[in-house]
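Below is one structure; the comments refer to it alone.
Any read-out appearing in this document is the output of simple, stated calculations on the displayed coordinates, not a laboratory observation. As the structure is a computational prediction, the values presented were derived from the model and not from experiment. Methodologically, a virtual Cβ is constructed for each residue, glycine included, from the backbone with ideal geometry; neighbour enumeration extends over all protein chains shown.
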Amino acid sequence: MPDDMSGDAPSGPEWDFLRGDPDPIAAPLPAAPPSAGPSFGPSAEVFTPEPIEPPQIKSDHHAVALDALSGAAPEPGSPKPDPILMADAVVRRFGGLTAVDVTHLEVQRHSITALIGPNGAGKTTFFNLLTGFDKPDAGAWTFEGRVISGLPPHRVSRRGMVRTFQLTKALSKLSVLDNMRLGATGQRGEALWAAVLPPLWKRQEAAITARAMELLERFKLDDKAGEFAGTLSGGQRKLLEMARALMSSPQLVMLDEPMAGVNPALTQSLLGHVQSLRDDGMTVVFVEHDMDVVRHIADWVVVMAQGSVIAEGPPAAVMADDRVIDAYLGAHHDAPLSIEEEEERLAKAENELQAEIEQASADQSVEGGATP
Ligand SMILES: Nc1ncnc2c1ncn2[C@@H]1O[C@H](COP(=O)(O)OP(=O)(O)OP(=O)(O)O)[C@@H](O)[C@H]1O
Ligand SMILES: [Mg+2]
């Protein structure tokens, strides 16, 4: 959503938590007393954070995660009782710019962790690094206690950690079902373009198709299975990408702005899907600019600014943190794209996905040759 950046205060629904406007998702609550923190200038009084209702427990996994997080210190790098992902001293520079400089981060298993921060904070770059789509200048990270830094994306995915993209990636000239089948990373028969599939692969193809259809049904895209992905709306592409990420039965799902650009009706549905991932036993990390969404579904919030984690904790504490408010002020602006720009970005994303698939297929042929 484009923001109106005129005046002192940022506007748009995602800023409601700063302005104290009613929360469209949660029931309206009485306003909190004005913050005793540093002043933000003439309009300081409008930045009073909303009180936040206590999280509603949705499942056993959720209860366990909340219980674990209740003992975690609300500070950058805080240790978690049962971390599924741990990152240390991760640095990525682009020329003179340090895009990511994360000293330490732990993600609690079965939680929904929101990664927030102003534009250019390094959130996407951090996702790219953790999932093998980019290489760091320094740093290491573990998933389920095993080092995965340095692994290419398809091997990260095979270990159980997948991500979706801020700019949705789909191959528009392939059917929705074939796009889904491409998500079955790490399984034999992944290379759809392999002209002749040995019988074993064919059997697995049937299982892959069955799983794809099951997921398409879950995401209410089953009636689109035979259509070109290019015919889907922006919101349906988001659903397709989330569904495709689940093809490899991941333990950790990383979603980069899953709700961005999606119409309000679909936002509710996406929110429900994100919660159901956690309730089914997965761990979710998601990037989001809309603070109503964050406070509605996040169990824990990590805030990045200028590459580093500047705060983390439960949503209520983080959103009342003056450093967070300070980092956000006037810093979030999604400029509206022209149709040409949107098409250019989609084409770029499609090319990237094509290149990733070819790379993964090539790597798998090499691996397959080494260990038949
Ligand atoms: N390939 C690249 N080459 C040069 N600079 C880059 C590259 N990718 C990212 N950057 C820069 O790194 C910084 C972090 O960018 P990143 O996309 O990770 O931010 P972000 O937090 O995801 O922002 P947004 O909320 O707008 O998506 C920005 O200053 C960006 O311009
Ligand atoms: Mg980003």
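What the table shows:
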item	result
Gained length - T103 relative to A206, 0.36 nm times residue gap less alpha-carbon distance	32.6 nm
Residues A317 and S338, FRET efficiency given R0 of 41 Å [Cβ-Cβ distance, rounded to 0.05]	0.55
Sites V91 and E227 - FRET efficiency at Förster radius 56 Å, r taken between beta-carbons, to 0.05	0.80
Amide H within-cut-off set for V301, under 5 Å, with H built and near neighbours excluded	A114, G313
In sequence order, calculated HN-Hα J values of the stretch 223-234 (Karplus, 6.51, -1.76, 1.60; Hz; x Gly/Pro)	6, 9, 3, x, 8, 4, 4, x, 8, 6, 6, x
V287 long-range amide H proximity, modeled H, under 5 Å	L115, L255, D256, E257
Other-chain or far-sequence residues with amide H under 5 Å of A260's (modelled H)	none
Charge tally in the Cβ shell below 11 Å around L115, where Lys, Arg are +1 and Asp, Glu are -1, L115 excluded	-3
